[in-house]
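Here the structure is laid out as C-alpha cells; the discussion comes afterwards.
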Amino acid sequence: MKKFCFNILVSTVLAIMAPLPAFAQEKVLEGKVTVYDSIPLVDVEVKVKSSDRVSHTDTLGHFTVECMNDDRLIFKARGFKRNRVKTVAEDTYLHVNMELGPGENSLELATRPEGHIRGDYKEAVYTINDKKVDFSKYSNIYDALRGHVPGVQITGDRVIIRGGNTFAGNAEALFVLDGVIVSKFVFSSVPPSEIKSIKVLKGSEASIYGSRGGNGVIEVETKRGKFK
C-alpha cells in the first residue's frame with residue numbers, strides 16, 4: 001500500500017513538473033517597430049528583461065531577439081515613450097507601435113539625422129494633437145493649422161502641402177474627417193474645440209487615398225468621432 005501511494009506521489013510530481021521545461025524554453029522572436037502604425041523606426045533598442053540582451057531595429061524597423069516564452073521586451077528610442085511588451089508562448093512575431101513622448105521636442109528628436117524615423121518618411125507625416133496645442137483658442141480650423149504644421153500653405157480656405165503632386169490641375173490637399181473624405185465646406189465647419197488631432201500626409205503615406213491623395217492629405221480626428 002505504501003509503495004502504491006509512493007508511486008502515485010512520484011507520478012503526480014512528474015506530471016506537474018513536465019510542462020515546466022517547455023514553458024521556460026528560449027525562443028527566437030521576430031518583429032517590427034513602427035510609429036503611426038506604419039512608419040518603420042530605425043535603431044530602436046530592444047532589451048530582453050530576463051537576460052538583459054539588447055538588439056536594435058534595422059532600416060525597415062525589423063528586429064530579432066532570443067527570449068523566454070514568458071518574458072518582457074523593453075523598447076526605447078529618443079523622442080518616444082518607452083514601450084514594454086509582455087510575450088507569451090504563442091508569440092512568434094510582434095508588431096510594436098511606438099508613441100511620441102510628451103513635449104514639443106519629441107518629434108524633432110525622432111526625425112533629426114540621428115533620429116529613429118527612416119529617412120524617406122521623415123517629411124511624410126506630421127501630427128499635432130490636443131495635448132500639444134489648445135485648438136479651442138482658434139477661430140477656425142485653418143487658423144489651427146497655420147503656423148503649427150510645416151510645409152503647409154494656407155490662403156483663405158485653400159490648403160496646399162508643399163511636395164505634393166498636382167493632380168488634374170488642382171493643387172489643394174484632400175480633406176479627411178474621422179476617416180471619411182469630406183468637402184471643403186464640411187471641413188471648414190469643424191469647431192476647433194472639437195479637434196482631437198490633425199495629421200498631414202504626403203508622398204507614399206498619402207498614397208493610401210489613391211490619386212486623390214496626390215497633393216497631400218489633411219486628416220482630422222474629432223474628440224467624439226461624430227463625423228463618422
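The values are calculated or read from the model by the stated rules, or taken from the named source; none is laboratory data. Owing to the predicted nature of the structure, the values given are computational and were not obtained by experimental measurement. Counting neighbours? That spans all protein chains shown, and the Cβs are built from the backbone with ideal geometry, glycine included.
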So the check is Cβ under 7 Å with 6+ separation or different chains; which pairs have a first residue in region 204-228 that's modelled with pLDDT of 80 or more and a second one that's among the hydrophobic types (A, V, I, L, M, F, W, C) and in a helix (DSSP H, G or I)? Gly213/Ala206; Gly216/Ala206; Val217/Ala206
What number of residues within region 120-158 satisfy the criterion of being in a helix (DSSP H, G or I), at pLDDT 85 or above and over 14 Å from Ile195 (Cα atoms)? 0
For Ala173, all conditions in the list (1) under 15 Å from Arg212 (Cβ atoms); (2) at pLDDT below 90 hold save one; what is the number of the exception? (2)
Condition (residue is surrounded by 13 or more Cβ atoms within 10 Å (Cβ to Cβ), at pLDDT below 95, within 20 Å of the chain's Cα centre (by Cα) and not in a loop (DSSP other than H, G, I, E, B)) applied to region 17-27: is it met by at least one residue? no
Looking only at region 174-183, how many residues end up being surrounded by 13 or more Cβ atoms within 10 Å (Cβ to Cβ) and either closer than 18 Å to Val149 by Cα or over 25 Å from the mean Cα position of the chain (by Cα) (or both)? 4
All positions within region 176-228 that are within 23 Å of Asp143 (Cβ to Cβ), of a type in the set (D, E, K, R) and in a loop (DSSP other than H, G, I, E, B): Asp178, Lys202, Lys223, Arg224, Lys226
Qualifying positions in region 107-120 - over 18 Å from Ser38 (Cα atoms) and either assigned by TED's automatic domain parsing to the domain that holds Val133 or surrounded by 11 or more Cβ atoms within 10 Å (Cβ to Cβ) (or both): Glu108, Leu109, Arg112
Yes/no for Tyr36 being out of contact with any Leu (no Cβ under 8 Å at 6 or more places or on another chain), among the aromatic types (Phe, Trp, Tyr) and in contact (Cβ under 8 Å) with a residue 40 or more places away in the chain: yes
Which ones in region 56-100 are without any contact (Cβ under 8 Å) to a residue 24 or more places away in the chain, closer than 14 Å to Val28 by Cα and out of contact with any Lys or Arg (no Cβ under 8 Å at 6 or more places or on another chain)? Val88, Glu90
Quick test of your reading of the structure: Thr59 fulfils all but one of (1) within 28 Å of Ser193 (Cβ to Cβ); (2) surrounded by fewer than 14 Cβ atoms within 10 Å (Cβ to Cβ). Name the failing condition by number. (1)
